Amino acid sequence: MTFEVGLENELERIKKFLLDKNKSYGNSALKPIRIFAKSDAVEQLNVRIDDKLNRLIQGTQFHGDDDELDLLGYLVLKRIALKGGIE
């Protein structure tokens, strides 16, 4: 496999993952409903990123989760949020 093919495969996987999660969670990462947490989307994403990094450092991955993929997803979402989010 070439670098280009590997890159395309991984980026497509991340794209599909984020589209599926967004559909499932109703865009809660970029447009949180703020029932308990009142911070903005970027700060809430920072908390999620910290949680994922903690799991990776501690080696306490929850069965069935892919913390590395989640982390990549949250970082992409944060970049979108910092650029004004989505409508």
For this session: Hand me the chymotrypsin sites (Phe, Trp or Tyr not before Pro) from the stretch 27-87 located in a DSSP loop with no more than 12 other Cβ atoms within 10 Å, in residue order please.
Result: Phe36, Phe62
For this session: Mind checking the full-extension length gain between Leu19 and Asp66? Use 0.36 nm per residue of separation minus the Cα-Cα distance, one decimal, nm.
Result: 15.3 nm
Problem set entry | Scaled radius of gyration (Cα, divided by 2.2 N^0.38 Å) that the chain gives | 1.17
Exercise. Helix 41-58: angle to the longest alpha-carbon principal axis of the chain, degrees 0 to 90, nearest 10?
Worked result: 50
Exercise. If contacts are Cα pairs under 8 angstrom and at least 6 residues apart, what is the relative contact order of the stretch 3-82 in percent?
Worked result: 33
Seminar exercise, completed: With a Förster distance of 22 angstrom and the Cβ-Cβ distance between Ala37 and Gln58, calculated FRET efficiency to the nearest 0.05 equals 0.45
For this session: Within the chain, report the trypsin sites (Lys or Arg not before Pro) that DSSP leaves as loop and that have at most 10 other Cβ atoms within 10 Å.
Result: Lys38, Lys83
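Every number here is computed from the coordinates shown, using simple stated rules; none is lab data. Please read these numbers as outputs of a predicted model, since none were measured by experiment. Neighbour counts are summed over all protein chains in view; Cβ atoms, including those assigned to glycine, are modelled from backbone coordinates with ideal geometry.
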